[in-house]
Amino acid sequence: MESLIKSQHAQQLGGHSTRAGQTQTTEMVPATTEGLTMSSDESMMLKLIQQTHSPDAREVQVRGLLSLVEDILDRATLDSDDSNASVSMLPLPTEDKLMQSSMMSVLDSVSYAIDRVACEIAYKSLTGSDAHEITMSVFEHLSSFHWHGKLVLTLAAFALNYGEFWLLVQFHSKNQLAKSLAMLKLVPVQNRVTLESVSHGLNDLIREMKSVTACVVELSELPDRYITLEDPHLSRIISTIPIAVYWTIRSIVACISQINMITAMGHEMMNTQMDSWETSMLANKLKNIHDHLAETLKLCYRHIETQRSSESLKMLHSLFDTTHIDNMKILTALIHPKNHSTPLQDGSTKRKVHLDVLRRKTVLLLISDLDISEDELSIFEQIYTESRRNLLGIDGKSHMPYEVVWVPVVDPIEDYERYPSLQNKFEALREAMPWYTVDSPKLIERHAVEFMRERWHFMNKPILVVLDPQGNEASLNALHMIWIWGTEAFPFTRAREEELWRNETLTLNLIVDGIDSVIFNWINPENYIFLYGGDDLDWIRRFTMAAKATAKDSNVKLEMAYVGKRNHSHREQIRRISEAVRAENLSHSWAEPALMWFFWARLESMLYSKIQLGKSDDQDEVMQGIKKILSYDKLGGWALLSKGAEIVMITHGVIERTVTVYDRTWKTHVPTKGYTKAMYDHHHDEILRETGNPCSHFDFHITSRSGRIPEKMNCFECHRPMEKYMSFACCHDDKLLDQDENYNF
């Protein structure tokens with residue numbers, strides 16, 4: 001930081017070496033910075049101050065000296081509640097801190113300068129010199145020091161003066177030497193009014209002096225690597241440091257002058273109150289400067305954090321593009337343990353463990369924010385638990401070929417510290433998880449979150465990134481594979497995904513596999529099965545009653561199941577409809593909302609999987625069928641009819657009309673064509689001829705788990721290219737209001 005100010009100093013002087021007091025021909029323009037405005041007088045003064053500034057190559061480590069000075073000033077304060085006027089008794093700094101050799105070395109090198117400044121201010125204040133003149137004299141004496149060095153040394157000179165004053169006040173009644181010295185120096189130890197005037201009059205100003213000095217020192221310690229002249233905004237606001245140093249030193253001069261005036265006039269000051277106007281004005285001035293410097297520090301730290309995060313992000317990308325013998329470098333870079341030797345919690349034992357438990361294992365990173373849904377967690381836990389149970393060895397231990405780690409993301413991480421509700425939510429979620437969890441969201445640094453967003457398309461919705469035993473990315477998101485095939489999809493690679501799809505066709509087994517054993521047990525060649533959905537209870541009543549009547553009259557066994565609706569914002573409405581379906585015995589329906597969520601999540605996952613594999617939807621039977629269900633669900637009521645596992649048709653709400661007109665239309669064709677053929681022919685040849693088939697419509701959430709939204713899609717009805725739109729929709733789910741962004745086809 002100091003090199004930045006020196007560089008600015010050289011630029012602003014333009015190579016001139018004119019000393020203070022000489023006439024300048026340069027036109028003075030008021031300098032303005034964000035949060036601090038300098039008058040034309042201050043702009044002129046800035047030029048004069050900079051002309052005294054000729055720092056040499058030595059670097060004085062002032063941090064320890066500042067701590068010592070602050071300790072003196074903190075103690076040298078009258079306690080207004082103490083009738084004996086004793087100084088405040090604060091804890092002593094540790095002996096190691098004060099007496100370490102480096103501190104003594106610093107004091108040896110600067111003690112002469114401190115004494116010289118103390119004497120200079122004391123002498124000139126007693127001879128009637130102007131405060132500005134004394135301040136400029138201090139700058140001249142300390143010209144070889146950097147800005148923060150000038151300030152700390154001058155504050156140390158004040159601490160010598162002020163500390164001695166209060167030391168004599170404290171010990172005059174206990175120590176004859178202190179009493180005699182107090183008399184010799186005319187310290188008014190017996191005058192409570194004068195002592196209170198000194199203490200109360202200077203306390204606020206001294207506090208601001210310390211605050212500004214601390215900010216200037218902190219700014220000087222910022223790494224030049226990140227704070228450079230290349231950023232004009234930072235360069236401009238940091239250029240005000242010399243003015244901050246000037247006003248702080250001038251305030252020190254005012255404090256020393258007032259103390260010296262009291263001791264010089266002795267008993268003549270016995271009944272005199274200190275004039276607080278000057279100290280109040282200076283305290284207010286320094287407060288404004290401190291506020292500006294504090295904001296400057298925040299800005300600098302944000303800038304440094306951004307730069308470091310950018311560097312770390314590049315290193316993380318490079319790390320993933322490098323071959324490793326195991327996964328430890330990768331995991332350590334993502335889950336930064338810092339001084340945290342046990343950054344994971346074992347979900348089964350709730351004990352803290354080291355990252356070594358994941359060494360050379362396939363690791364499934366379940367990445368999400370803290371709003372992960374209960375339904376999603378419930379289904380994932382069932383799949384995980386069943387997998388562990390199926391892989392139990394004869395020793396009673398699970399021999400799973402992979403481990404799951406929950407990576408909680410809170411962005412920005414400052415919110416986690418600010419809101420206890422987030423901490424409570426994290427603890428509640430972690431407590432219910434049987435797999436490994438990162439011990440705190442704070443272990444996931446900003447650059448790691450940015451990496452997940454850039455490389456893995458993480459957008460707060462859960463994703464499941466699979467890393468092989470060497471840390472290579474086996475899958476950027478295996479959640480859709482988990483929802484479709486469970487752990488049968490291991491090792492969750494693209495090759496395995498393609499292999500599994502080669503064994504799949506569009507059947508009822510694929511649609512409902514792993515969801516509900518009741519429906520799965522219905523699947524045999526003699527059974528007819530209707531899956532249906534929608535949010536219109538009246539339509540559901542008409543459709544189910546009419547459909548069951550056709551089956552009864554045709555002497556066939558028909559099973560029906562209500563599967564709800566894809567749009568989770570209608571969760572409460574769908575729950576009420578599902579309860580009514582069961583209460584009125586209209587059909588089978590799931591009592592657990594998680595099963596409905598899972599049904600639709602699997603269908604979406606099938607579509608995303610096909611898109612991710614780049615399959616042509618016009619030639620893919622599974623993709624065509626899934627698109628029909630998802631599109632018809634968007635329109636309202638829909639139904640899927642199968643005979644055993646074979647899907648006969650997928651259609652929209654007009655199926656209710658087809659089954660309603662059974663008696664007067666296709667009933668007569670059932671004996672010759674069969675139940676499904678007779679229904680299908682009438683539905684397609686008569687009903688759809690009148691009503692037509694609506695063209696398809698799809699919504700892709702911007703945070704879709706695929707990490708990809710298709711560039712183009714064709715309508716499954718007319719086969720023409722579909723248009724793409726962007727829309728915003730408010731989703732109400734579990735009393736949570738979000739503005740969701742979607743792509744519509």
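Just the residues that are crowded, with 22+ Cβ neighbours inside 10 Å and either hydrophobic (A, V, I, L, M, F, W, C) or more than 22 Å from Ile519 (Cβ to Cβ) (or both), please, taken from the stretch 630-646.
Ser631, Trp638, Ala639, Leu640, Leu641
Can we say Asn555 is over 23 Å from Ile379 (Cα atoms) and without any contact (Cβ under 8 Å) to a residue 12 or more places away in the chain? Can you show your working first?
On the way: over 23 Å from Ile379 (Cα atoms): yes; without any contact (Cβ under 8 Å) to a residue 12 or more places away in the chain: yes.
Yes; evaluated as a whole, the condition is true for this residue.
Quick check on Thr77: is it modelled with pLDDT under 80 and either surrounded by 11 or more Cβ atoms within 10 Å (Cβ to Cβ) or among the polar types (S, T, N, Q) (or both)?
On the way: modelled with pLDDT under 80: yes; either surrounded by 11 or more Cβ atoms within 10 Å (Cβ to Cβ) or among the polar types (S, T, N, Q) (or both): yes.
Considered against the rule, which asks whether it is modelled with pLDDT under 80 and either surrounded by 11 or more Cβ atoms within 10 Å (Cβ to Cβ) or among the polar types (S, T, N, Q) (or both), Thr77 comes out as yes.
Of the conditions (1) in a loop (DSSP other than H, G, I, E, B); (2) at pLDDT below 90; (3) surrounded by fewer than 13 Cβ atoms within 10 Å (Cβ to Cβ), Thr322 satisfies every one except a single condition; which number is it?
(2) is the only condition that Thr322 fails.
Out of all the residues in the stretch 494-516, is one or more open to solvent by less than 30 Å² (accessible area, probe 1.4 Å), out of contact with any strand residue (DSSP E or B) (no Cβ under 6 Å at 6 or more places or on another chain) and of a type in the set (D, E, K, R)?
Yes, the stretch 494-516 has at least one match.
Restricting the search to the stretch 123-166, which residues are in contact with a helix residue (DSSP H, G or I) (Cβ under 7 Å, 6 or more places away or on another chain) and more than 23 Å from Pro242 (Cα to Cα)?
Hits for the stretch 123-166 are Leu126, Leu160, Asn161, Tyr162, Gly163, Phe165.
If I ask for residues that are under 48 Å from the mean Cα position of the chain (by Cα) and open to solvent by 20 Å² or more (accessible area, probe 1.4 Å), which ones from the stretch 540-572 would you list?
Kept after step one, since they are under 48 Å from the mean Cα position of the chain (by Cα), are these residues of the stretch 540-572: 540, 560-572.
Residues satisfying the conditions are Lys565, Arg566, Asn567, His568, Ser569, His570, Arg571, Glu572.
When you look at Leu506, is it of a type in the set (A, V, I, L, M) and more than 19 Å from Ile379 (Cβ to Cβ), yes or no?
For Leu506, the condition - of a type in the set (A, V, I, L, M) and more than 19 Å from Ile379 (Cβ to Cβ) - is met.
Just to be sure before I move on: is Lys557 charged (D, E, K, R) and within 19 Å of Lys627 (Cα to Cα) in the structure I sent?
Considered against the rule, which asks whether it is charged (D, E, K, R) and within 19 Å of Lys627 (Cα to Cα), Lys557 comes out as no.
So that you can scan it fast, the table gives a plain yes or no per residue for (1) at pLDDT below 75; (2) open to solvent by 10 Å² or more (accessible area, probe 1.4 Å); (3) assigned to a loop (DSSP other than H, G, I, E, B); (4) in contact with a His (Cβ under 6 Å, 6 or more places away or on another chain):
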residue	(1), (2), (3), (4)
Leu68	no, yes, no, no
Asp71	no, yes, no, no
Ser129	no, yes, yes, no
Phe139	no, no, no, no
Ser144	no, yes, yes, no
Leu153	no, no, no, no
Ala157	no, no, no, no
Leu160	no, yes, no, no
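Within the stretch 337-386, work out how many residues are among the β-branched types (Val, Ile, Thr), farther than 30 Å from Ile325 by Cβ and either open to solvent by less than 10 Å² (accessible area, probe 1.4 Å) or outside any helix (DSSP H, G or I) (or both). Explain how you work it out, then say what you get.
Residues of the stretch 337-386 among the β-branched types (Val, Ile, Thr): 342, 349, 353, 357, 362-363, 367, 372, 379, 383, 385.
Within this subset, residues satisfying the condition of being farther than 30 Å from Ile325 by Cβ are 372, 379, 383, 385.
Now narrow it down to the ones that are either open to solvent by less than 10 Å² (accessible area, probe 1.4 Å) or outside any helix (DSSP H, G or I) (or both): 372, 379.
Qualifying residue count for the region: 2.
Among (1) at pLDDT 75 or above; (2) crowded, with 19+ Cβ neighbours inside 10 Å; (3) in a loop (DSSP other than H, G, I, E, B), there is one condition Arg225 misses while meeting the rest; what is its number?
The one condition Arg225 does not meet is (2).
Would a scan of the stretch 601-611 turn up a residue that is touching a strand residue (DSSP E or B) at 6+ places or on another chain (Cβ under 7 Å) and within 27 Å of Glu376 (Cβ to Cβ)?
Looking for residues that are touching a strand residue (DSSP E or B) at 6+ places or on another chain (Cβ under 7 Å) and within 27 Å of Glu376 (Cβ to Cβ), one finds none in the stretch 601-611, hence no.
Just for the stretch 20-66: of the residues that are among the β-branched types (Val, Ile, Thr) and closer than 24 Å to Phe145 by Cα, which one is modelled with the lowest pLDDT? Step through it out loud before you land on a result.
Kept after step one, since they are among the β-branched types (Val, Ile, Thr), are these residues of the stretch 20-66: 23, 25-26, 29, 32-33, 37, 49, 52, 60, 62.
When the remaining residues are screened for being closer than 24 Å to Phe145 by Cα, the result is 49, 52, 60, 62.
Details: Ile49: 85, Thr52: 87, Val60: 77, Val62: 83.
Among those residues, the one meeting the criterion is Val60.
Tell me yes or no: at least one residue of the stretch 274-281 is modelled with pLDDT of 85 or more and assigned by the TED database to the domain that holds Trp247.
Yes, because at least one residue in the stretch 274-281 is modelled with pLDDT of 85 or more and assigned by the TED database to the domain that holds Trp247.
The values are calculated or read from the model by the stated rules, or taken from the named source; none is laboratory data. Fair warning: this is a prediction, and the values are worked out from it, not measured in the lab. Please note: Cβ atoms are built from the backbone with ideal geometry, for glycine as well, and neighbour counts cover all protein chains shown. We work out accessible area using only protein heavy atoms, side chains counted, and drop any ligands, DNA or RNA first. Shrake-Rupley method; radii C 1.70, N 1.55, O 1.52, S 1.80 Å.
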